[in-house]
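Encoded as structure tokens, the structure appears first; notes follow it.
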Amino acid sequence: MSDDKYESHIKAVLSECPDADIDEVKASFKKYEEEFYIPPQDALRSIVRRFQGEKQTTSKSNDTNNSPRNTKKVKSLSELSGADRDVEIEVEIISHNVREQMIRGEEKKIAFGLIEDNPWDDGSERIRWEYKDWGPNSNITPGSVVRIEGASVNEYQGKMSLNINQGARIAILREGTRPVNAPGDPIDISSIPKDGYICVVGRVLSSREDQIHRKDGSGSLDVVRGRIADESGTIGFLSWEPFAHEIGSLIKIDGAQVRTFRETPELNFGRTTKIEPFHDANFADTEKLTSQNMKTVSQLTDGSRDVEIIVQITEWEKRSFTKDGVEKHLWSGQIADLTGRCRMSAWEELPIEANKLPLTVKLSGVRVRAWQGIPDITVDTAKQVEFLDTPPWDESINLEDHVVEVELTELTKSSSRVGITTKGTIVSVRDDSGIILRCVECRRVLRDGECASCGSSESQQDVRLRLVIDNGEDTASLLINKAASIKLTGLDEDTMAQKIESEGKMEFVQSLRDMMLGRVVKANGRTIVDEQGAMILADHAELDDDDPGLLATEVRAKWGVN
Amino acid sequence: MQSTGRVKRQSAVHIFASEYGESTLSEKGSGEFDPSFVITKLGSRVNRVIVAGLLERIEGRDVSNGSVIYQGQLRDPSGVNYFSVGDYVSDSVKELTIQLSEKLETGEPILLMMVAKTRLYQTDEGAVYTSLRPEEMCVIDSSRYASWLAKTSDYMMIRMSNYMSSLDFDANIESMSKSEFSEHQQLGLVAARNHYGELDLEHYRLNVMQALDIAEGKLESASKPAPQRIEPTIDEDNSADEKESDDIETAITDIINTLDQGDGVDFETIIVNAEARGFQRAITEEKIEEMSDSGIVHEPAFGWFRLV
């Protein structure tokens, strides 16, 4: 490279700072470029600043002149009074309803709803008024931000509202962004929300009469339990009314209430639910729907019933306990399939010999509970278990330490899982990373030297990292255990303690940030997913950045940017 | 269900200063805990970003209640991000800010990475600016910077490609819901297309190419000749006075073209939008008058302009 490649840039610096030393300027450009990857045009301003020293000029052009108009233009609804006639304001439409009204013997459509002022300013106090649109303007939708011109204020019994008269003008500044879901439209079973009233079309996969006993002993209620399915998934139902539709029949259910028991949504049919036969020759048949009812470990959710699944039992043991003076037995152990690991418990003895493990079984009609986020399949009778000769997957895979690679987005959307590994960018290193004190009783982290749950102040030192990882779509908390934290940071417990002692906690955590923020981490462990979001408990974690040069070349190839 | 429970943490978007800084649209949900977003021209709804670059400036300013607000500039190959560090930040961000401003005084180049919350604000004159509030920051070396450049390039290309495929659908939720985009993406794309109108993506592509050159260590091809004149760095809008008179005419024509829904576009809206594109109010006002005189625009109603 020729020595004067910075020439034009150096000239630019010298024209701003005539006193600067040309060699020093050149050396600066070289340093920015070689050490910091900053090309000269981007380094220019920083270098000028440096040679200019503390010279500052302030120039601010301020010329506001409002165009003369008769309109009263306001920012906030609070500036308006009952007498204002020609008003201009920007608002967000909160709700918008159309109704028909007889006005002077003529049937007219008018729209009404709520508006809020300060639509652009986040965090500020917004004032909410009712409005009436006599137009009505067809372009108003909830969620849109509009400028209303020529509206008038209506004051009635001290309550203010805005009248959008026929001559008024509405300019849409931002279109409404809230999708509207019409009632009575069937939705996919897989997209059923956690609560609310919905309409679905599905085939009855199972249906059986059941009784619910009142807790106060005053009797019992006859109910029907079962499952329905469409091609997107299956869901259990509970009917409080007689339910006579046969297994295999296709029905449309309108006004079913979704209730979520533990993590699992269930449909409730009551007096107001409308169920009728539905006709669709193309709807998937019972056989196809039953086969897709088969679950994998990754799909198990707390509280689900009537589960069909094929798993491998990898560990099995008998446990005994005494209840009401009677000794009872419970069998439990580890199970796995290709999607992950979890636990299983049986209330009846199964023909399992420890030296024959692993064994593949098909489970039918079983239910799922979860302990600390880990699903536990409950087998109530031995009839629910069918032993298979071979697993339906490659027999040579050892499921006991099988780790499944799962995208972060999938993890945050699925239920809690065991034996997974995932990747994400570290976007936060929490201040309580490093050395913590745990309560000796319940393992909780002490706050201000005291355990929040049992009040004990007896503690034990532990090491952990608390991070947040992110893939640009979803985020998860990542808690890394002691051994993995020590390995990841390259600092053992004593060194960490010393550093915290000498630098202070804040500087120590900042040093972890300096090391990790913005980098990609790959973590192995298990997840707990609940309404607070996803949490990964990792027993192994490593920084996993690609070489930037290679990554850049990949990006070029992927997008054809050359 | 929606009102209870904690609001889900918003993802951080890898984004270049050009895409973020050109945004003039924001969105705030109606609920108390709804997150707010800045919506970029490419239709990303951005609540949180992960940005990096050369720390160009960081200065404390005393404010009336006795505290100090730091304002800074972070330059990446595509432009500058403005950030401010106020009283509300964590102790570690505040401490690091003070350390950085001292270090910058010595003339030492600093590469900084930050995870920050986005914010759009409007001046009294109506101009819209973007700014960032850092949540966590750290000093990085050139290799991590290169990594960020490559990743951000990829994400920007994904957004450009999504934007292009969104053009197969009309700019409303009903049409867009037939696409493969997630709900979050649909909302952003619809809002962006309605607000910004037609886009020319060429300069984003150039940003990506330059960033990739740097990430590959090809600084030579990433270098451009020095600008003829250096704009003062204190100027919030770094390109304002560079524009030729022709540019502003194009900009005004463009603004009226996109925003006219049949009745013309009002004076104030033209000014605000031109300001967001880097033209000062006085210049725009003068130009509109000139264009009106020379018959390029007409004024069907007082204060409302249409193209002839």
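Under 4 °C and 1.567 mPa s, how fast does segment A:146-239 diffuse according to Stokes-Einstein, given a Kirkwood radius computed over C-alpha pairs? Answer in µm²/s, whole number. The calculation lands on 69 µm²/s.
Using only Cα atoms, find the angle between the long axis of helix B:202-215 and the longest principal axis of chain B, and express it within 0 to 90 degrees, rounded to the nearest 10. Approximately 10 degrees, to the nearest 10. Please return the longest stretch of chain B lacking exposed loop sites, where trypsin sites (Lys or Arg not before Pro) count only if DSSP places them in a loop and at most 12 other Cβ atoms lie within 10 Å. By the stated rule (loop sites, at most 12 other Cβ atoms within 10 Å), B:7-177. Across segment B:179-186, computed HN-Hα scalar couplings (Karplus, 6.51 cos²θ - 1.76 cosθ + 1.60, θ = phi - 60°) run 8, 8, 6, 5, 4, 4, 5, 4 Hz from first to last residue, x flagging Gly and Pro.
Residue by residue along A:40-52, Cβ atoms of other protein chains within 10 Å of the local Cβ number 6 on average.
Based on the alpha-carbon gyration tensor of segment A:203-295, what equivalent-ellipsoid semi-axes (square roots of 5 times the eigenvalues) come out, in whole Å, largest first? Walk me through the numbers before you get to the answer.
Working: eigenvalues 122, 44, 29 Å².
The three semi-axes for segment A:203-295 are 25, 15, 12 Å.
For residue B:41, the lysines whose Cα falls under 22 Å of its own Cα, not counting residues fewer than eight places away in the same chain, are B:28, B:117, B:151, B:178, B:243. Of all the stretches in chain A, which is the longest one without any exposed loop site, taking GluC sites (Glu not before Pro) in a DSSP loop (any state but H, G, I, E, B) with at most 16 other Cβ atoms within 10 Å? By the stated rule (loop sites, at most 16 other Cβ atoms within 10 Å), A:126-230. Quarter the surface of the alpha carbon convex hull of segment A:428-499 and you get the mean projected area, 5.7 square nanometres.
With contacts taken as Cα pairs under 8 Å at a separation of at least 6 residues, segment A:427-482 carries a relative contact order of 36 percent.
Exposed loop positions in chain B were taken to be GluC sites (Glu not before Pro) whose DSSP state is not H, G, I, E or B and which have at most 10 other beta-carbon atoms within 10 angstrom. Between these positions, the longest stretch is B:33-179. The alpha carbons of segment A:495-562 stretch over 51, 35, 20 Å along the principal axes, in descending order.
Averaged over every viewing direction, what's the projected area of the C-alpha convex hull for chain B? Give it in nm², one decimal, please.
In nm², the orientation-averaged hull projection of chain B is 19.4.
The dipole here belongs to chain A: it is taken about the Cα centre, uses +1 on the Cβ of Lys and Arg and -1 on the Cβ of Asp and Glu, and is about 1580 debye.
The alpha carbon convex hull volume per residue for segment B:1-134 rounds to 141 Å³. According to the Cα-based calculation, Rg over Rh for segment B:138-226 is 1.10, with Rh computed by the Kirkwood formula. Relative intensity of segment A:243-381 on a log10 scale, I(q)/I(0) at q = 0.12, 0.14 Å⁻¹, equals -0.64, -0.80, per a Debye sum over C-alpha point scatterers of equal strength in the absence of solvent. Relative contact order of segment B:51-206: 17 percent, from C-alpha pairs under 8 Å at least 6 residues apart in sequence. Past 24 Å, Cα to Cα: identify those pairs from A:73/A:108; A:75/A:132; A:318/A:362; A:413/B:8; A:505/B:103, in the order given. Table pairs above 24 Å Cα-Cα are A:73/A:108. Against the empirical curve 2.2 N^0.38 Å, the C-alpha radius of gyration of segment A:343-451 lands at a ratio of 1.50.
With pairing defined as another cysteine C-beta under 4.7 Å, the cysteines of the protein assembly as shown that fail it are A:17, A:199, A:342, A:442, A:454, B:138. Helix B:245-259 and the longest principal axis of the Cα set of chain B meet at an angle near 70°. Taking only the alpha carbons of chain A, we obtain Rg and Dmax values of 33.3, 98 Å in that order.
For segment B:75-90, a reduction of at least 40 Å² in accessible area between the chain on its own and the assembled protein chains (probe 1.4 Å) is found at B:75.
The values are calculated or read from the model by the stated rules, or taken from the named source; none is laboratory data. No experiment lies behind these values; they were computed from the predicted model shown. Neighbour counts are summed over all protein chains in view; Cβ atoms, including those assigned to glycine, are modelled from backbone coordinates with ideal geometry. Remember, those area values only see protein heavy atoms, side chains included, never the ligands or the DNA or RNA. Shrake-Rupley method; radii C 1.70, N 1.55, O 1.52, S 1.80 Å.
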